1. Within region 164-180, which residues are within 20 Å of Gly146 (Cα to Cα), of a type outside the set (Asp, Glu) and free of Cβ contacts under 8 Å to residues at least 12 places away in the same chain?
2. Just give me the residues in region 205-223 being in contact (Cβ under 8 Å) with a residue 24 or more places away in the chain and not aliphatic (A, V, I, L, M), in sequence order.
3. Do any helices (runs of 4 or more DSSP H) lying entirely in region 1-108 carry at least 2 residues that are over 19 Å from the mean Cα position of the chain (by Cα), and which ones are they?
Amino acid sequence: MPTAPELPDEAEYSMLDGDAKRELRSLPKDFAERIGRHLVAAGILLDTDPDAALAHARYAKKRASRIPVAREALGLAAYHTGNWSEALSELRAVRRMTHTDAHIAVIADSERAMGRPERAIDIAKETDVAGLPKETAVELKIVEAGARRDLGQLDAAVVTLQGDDLDPQRPQPWSVRLFYAYAENLAAAGRTADAVQWFLRAAEIDDDVQTDAADRAAELADE
């Protein structure tokens, strides 16, 4: 039996979302709550201590491998720590178990990270993006564009991100990521002036400073 990593005091079962609690109901109550706390710990540690988050997620998956949310937590923790093969294995399992494409962009990006950009592009082409949440659909386009850039298809990478979503007049929660990715691909294609413009547009709406868009714009403008 795997050794359980120590749970942080703040990892309370009550913090788990309703869908996850419903999945855990198939387990004995005390055991479900213990696994739930490890899932919570994985979530709250992901940004500050990703290796610890991975340990909690691995433990939860080992003890509850038939529960989709446990596989999901491990897949995402593995992705954030660069364990691409593990991320692929777990998130593909979640996809089979839940019949949803909720993590299709992460799956495609893991393929790209493993040096298989062609596979990432195939996944993007095969996916019914109309059935995805908008944020996931946009993220999948970003991954596809990056994969095309990996293959040296620089103009195609730029075109992949063009469309109605690329509208600076109507910024959305996912617009910072999209504008930044578009700027990156413009820069790679040698369109420096356009890249500066889109990095600045990303910086303008990046209220939480998620990116270094302003710095990238300044660097390119000085070249």
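1. Matches in region 164-180: none.
2. Scanning region 205-223 gives Asp206, Gln210, Thr211, Arg216, Glu223.
3. Ranges flagged: 18-24, 29-45, 50-63.
Bear in mind that the values in this text are calculations on the coordinates, not laboratory data. Model, not experiment: these values are computed from the prediction. FYI the Cβ positions are ideal-geometry reconstructions off the backbone, even for glycines, and counts take in every protein chain you see.
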